[in-house]
Amino acid sequence: MKYLKKGLIIIGILTVCALSINAVQDFPIDALEGVQQDSVSNKNVALNYRIKALKVPENIEFAGESVPLEDPDVYERLDRELLVNTYWQSNALLLMKRAHKYFPVIEPILEEEGVPNDLKYIAVIESGLTQAVSPARAIGFWQIMEGTGKDYGLEINNNVDERYNIEKSTRVAAEYLKRAKEKFGNWTLAASAYNAGNAGIARQLERQEVSDYYDLLLGEETGRYVFRLLALKEIMTAPEKYGFVFEEEDLYQHIPTYKVEVDTVVRNFPGFAKKFGINYKTLKIHNPWLRDDHLNNASRKEYKIDIPEKGYYPELK
C-alpha cells in the first residue's frame, strides 16, 4: 500500500509536468511579440512626445501696460496660465478657430469706442466666443447680467434679448470698461473689475492699501483673470510658438451679412427667412437675439436683422 501511494504521487507529478510543458508549447508566440511591440510602441511615444516647460516671455504687456514679471508671484501665475491654456490643446485650437470668425466683428467696435484691442480677450475667457449662459444668468459673448444690460440700454424681454447681439453687447462691454478705466486709472484694473465689479475691486484696493492689480490678494477667479487674458493673448497671437499648426482654411470663416430694417410685427420668422433664401436656423445663427419665432413689436420699433450674403450657405430646398 505504501509503495502504491508513492507510485500514484510520482504519476501525478509527471502528469502535471507534462501538462505544463504542453501549455507552454501552446502559448502563442504572437502574444509575446505583442508585449514586446507594446513596449517598443510606448518607448516610441515617449521619444516622440514631449511635455515641455514653457518659456515665459521676458516682456509682456496688456493694453500698453507692462506686467511686473520681476515679481516671482506674478511670474509663476503667468506661467501657470500659459501651461494650462497651451496644454488644453483642443480648447485653445477651438478658440483660435472662433476668433478668426468673430474678431472681425469685435475689433472695429472696440477701436471705434476707444478701447484697446487687447480687451477683446475678455470675450474669449468669459464665454469662449459662444452665446453662453452662466448659472447666474449672465448671457452672451460678454456675459452681461440682465440688470447691467438694461442699465446700458439693451432690450431684454421674451421676444428680444440684445445681450445675444454681438455688436450691441460689445458696445456695452466697451462702455463698462471705459467707465472702469476712468475710475481706476488703467485698463488692467478695469479688466479685473469686469470680473469682480467696480465696487469689489475698489473695496479690495482700499482694504489692502495698494493701487495696482498685481499687488492685490484676490480670490481664485479674479486673481487668475488678468493672467488668463495675458496667456491667451500670448498663445493666440503667436500660436506656432506654442506648437499649434493650422492653415487659414482650417479656421472658421466670418460670413458677411447685410441688414434688413424691420419696424412692424413679424408673425412668422421661418416664413420671413425664406423670403431671403435662407432657413430659420440660418436666420437664428446670425440673429440669436431674436428669442422667438415671431416679433411682437407693438411699438413699431425699428430692428436691424442680419441676412447672410448669398453663396455662403446651401441653396434653400
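Couple of notes before you dig in:
- Qualifying residue in segment 259-276 (condition: in contact (Cβ under 8 Å) with a residue 24 or more places away in the chain, touching a helix residue (DSSP H, G or I) at 6+ places or on another chain (Cβ under 7 Å), among the aliphatic types (A, V, I, L, M) and in the same structural domain as N117 (by TED's automatic domain parsing)): no
- The conditions of being of a type in the set (D, E, K, R) and not in a strand (DSSP E or B) are not met by K304.
- Check on P68, without any contact (Cβ under 8 Å) to a residue 12 or more places away in the chain, more than 30 Å from L290 (Cα to Cα) and in the same structural domain as L232 (by TED's automatic domain parsing): no
- Within segment 66-87, the set of residues being more than 17 Å from the chain's Cα centre (by Cα) and buried (at least 16 other Cβ atoms within 10 Å of the Cβ) comprises V67, L69, V74, R77, L78, D79.
- Segment 88-103, subset surrounded by fewer than 14 Cβ atoms within 10 Å (Cβ to Cβ) and in contact (Cβ under 8 Å) with a residue 24 or more places away in the chain, residue nearest to L177 (Cα to Cα): N91
- Residues that are surrounded by fewer than 20 Cβ atoms within 10 Å (Cβ to Cβ) and more than 13 Å from the chain's Cα centre (by Cα) within segment 104-129 comprise P104, V105, E107, P108, I109, E111, E112, E113, G114, P116, N117, listed in sequence order.
- The condition of being more than 23 Å from A231 (Cβ to Cβ), in contact with a Ser or Thr (Cβ under 9 Å, 6 or more places away or on another chain) and surrounded by fewer than 16 Cβ atoms within 10 Å (Cβ to Cβ) does not hold for G149.
- Residue match in segment 241-254 (condition: among the small types (G, A, S) and not assigned by TED's automatic domain parsing to the domain that holds A298): yes
- Residue match in segment 143-151 (condition: farther than 26 Å from L216 by Cα and not charged (D, E, K, R)): yes
Conditions (1) touching a residue at least 60 places away in the same chain (Cβ under 8 Å); (2) surrounded by 19 or more Cβ atoms within 10 Å (Cβ to Cβ); (3) in contact with a Phe, Trp or Tyr (Cβ under 8 Å, 6 or more places away or on another chain), marked per residue:
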position	(1), (2), (3)
E167	yes, no, no
T170	yes, yes, yes
A173	no, yes, yes
K178	yes, no, no
N195	no, yes, yes
R224	yes, no, no
L229	yes, yes, yes
F246	yes, no, no
H254	yes, no, yes
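For every residue, the table says whether it meets (1) of a type in the set (V, I, T); (2) at pLDDT below 95; (3) in contact with a strand residue (DSSP E or B) (Cβ under 6 Å, 6 or more places away or on another chain).
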residue: G12; (1), (2), (3): no, yes, no
residue: L19; (1), (2), (3): no, yes, no
residue: V56; (1), (2), (3): yes, yes, no
residue: F62; (1), (2), (3): no, no, no
residue: D73; (1), (2), (3): no, no, no
residue: V84; (1), (2), (3): yes, no, no
residue: A92; (1), (2), (3): no, no, no
residue: K97; (1), (2), (3): no, no, no
residue: Y102; (1), (2), (3): no, no, no
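The values are calculated or read from the model by the stated rules, or taken from the named source; none is laboratory data. For clarity, every value in this text was computed on a predicted model and none was experimentally measured. Positions of Cβ are backbone-derived with ideal geometry, glycine not excepted, and every protein chain shown enters the neighbour counts.
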